[in-house]
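Read through the structure below, which is laid out as structure tokens, and then see the notes.
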């Protein structure tokens with residue numbers, strides 16, 4: 001099978017996995033501004049499999065979850081923030097194949113800081129209210145912790161998926 005076709009197929013399937021991990025395993029926040037989910041762990045697993053191409057799957061899968069969940073106003077921010085998380089994690093996990101768990105935790109922390117502060121600034125602009133945006137910091141931080149824990153648990157398993165030829169041809 002052509003490696004470009006394989007990359008598109010994996011990207012589509014992993015977009016669906018990210019969407020399901022984000023939408024199906026979620027906990028609504030009582031304030032109604034969003035939801036806590038485990039999609040970030042799926043983004044990190046996708047980054048381990050696809051390298052920087054995970055950015056596209058992360059952006060698509062997460063944005064689709066917002067659409068289905070009834071939060072269309074978050075789609076632009078989610079696509080950019082989650083895409084950036086997939087890109088950063090994908091580059092690092094692709095470049096450092098034998099990254100120890102403690103460095104992986106630092107990488108995931110950096111990605112979750114992108115998420116927490118990305119949504120903070122977006123919500124500040126969206127709601128034109130610093131207190132409203134600041135009120136979501138705790139919930140986004142909890143989601144970040146869940147993403148780090150999930151990522152640390154499933155990335156070692158995801159690294160066993162072999163598509164290294166795709167990386168050689170495409171990167």
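Numerical summary
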| item | result |
| --- | --- |
| On Cα atoms only, tilt of 101-127 relative to the major axis of the chain in degrees | 40 degrees |
| Highest-fluctuation residue, 36, 68, 110 considered, GNM on the chain with Cα pairs under 10 Å | 68 |
| Mean Cβ neighbour count within 10 Å, used as a protection proxy, ranking 38-44, 91-97 highest first | 38-44, 91-97 |
| Highest-first arrangement of 10-19, 56-65, 116-125, 79-88, where packing means the average Cβ count within 10 Å | 56-65, 79-88, 10-19, 116-125 |
| Relative contact order (%) - the chain, alpha-carbon pairs under 8 angstrom, separation at least six | 27 percent |
| Two-decimal log10 I(q)/I(0) for the chain, as the Debye equation yields it once each C-alpha is a single scatterer, q = 0.08, 0.15, 0.18, 0.20 Å⁻¹ | -0.22, -0.75, -1.05, -1.26 |
| Residue among 75, 138, 148 with the largest mean-square fluctuation in a Gaussian network model of the chain, springs linking Cα atoms under 10 Å | 138 |
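Bear in mind these aren't lab numbers, they're just calculated from the coordinates by the rules spelled out. Every value quoted in this text rests on a predicted model; they were computed, and no experiment measured them. Every residue, glycine among them, receives a Cβ derived from its backbone with ideal geometry; neighbour counts consider all protein chains shown.
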